[in-house]
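The values are calculated or read from the model by the stated rules, or taken from the named source; none is laboratory data. Since the structure is predicted, the reported quantities are computational estimates derived from the model, not experimental observations. With ideal geometry, Cβ positions are generated from the backbone for all residues, glycine too; neighbour counts draw on all protein chains shown. Just so you know, the surface numbers come from the protein's heavy atoms only, side chains and all, with ligands and any DNA or RNA stripped out. Shrake-Rupley method; radii C 1.70, N 1.55, O 1.52, S 1.80 Å.
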Amino acid sequence: MMNTPPFFIAIAWLANPLYWLACGLFVGGRYGGAIASALFAVFIGFAGTLSAYRFPLPNGSNPFSQLQLVQLLPGFWLWLAAPALLVVIAGSVAYAPRRSRLGLTQTHSRRGPNRGPHHE
């Protein structure tokens, strides 16, 4: 009888839809949600994949064949780097001071934000 891997190995694939959700949230301007979703994607992907060192994985649909993870290749690190990079970018966009197109920090005049001489 084969050892049944724990549930969390089978959910490592969930990092992919979490990453796409983070991308959608980022594009929609919801940077906090993008950061949370991408961080969760990194955690799920890393924990699920590393647990495959301990527990063999089924080899396709053959119930008598298993695969054992022996090393992490560059593709794994690139796969995991994508949501990690999104965390850095979303964090820098969300928490960096707002700048105008000229590179100057935005300030509000006594007239209020978005009030110029033509909006009186």
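Collect the residues in the range 70-92 that are more than 15 Å from Tyr19 (Cβ to Cβ), aliphatic (A, V, I, L, M) and open to solvent by 50 Å² or more (accessible area, probe 1.4 Å), keeping them in residue-number order. Residues satisfying the conditions are Val70, Leu73. Being closer than 18 Å to Leu86 by Cβ, of a type outside the set (Asp, Glu) and free of Cβ contacts under 8 Å to residues at least 24 places away in the same chain is a description that applies to Ala36. Selection within the range 26-46: residues that are under 18 Å from Ala96 (Cα atoms) and outside any loop (DSSP other than H, G, I, E, B). The member of this set that is least open to solvent (accessible area, probe 1.4 Å) is Ala34.
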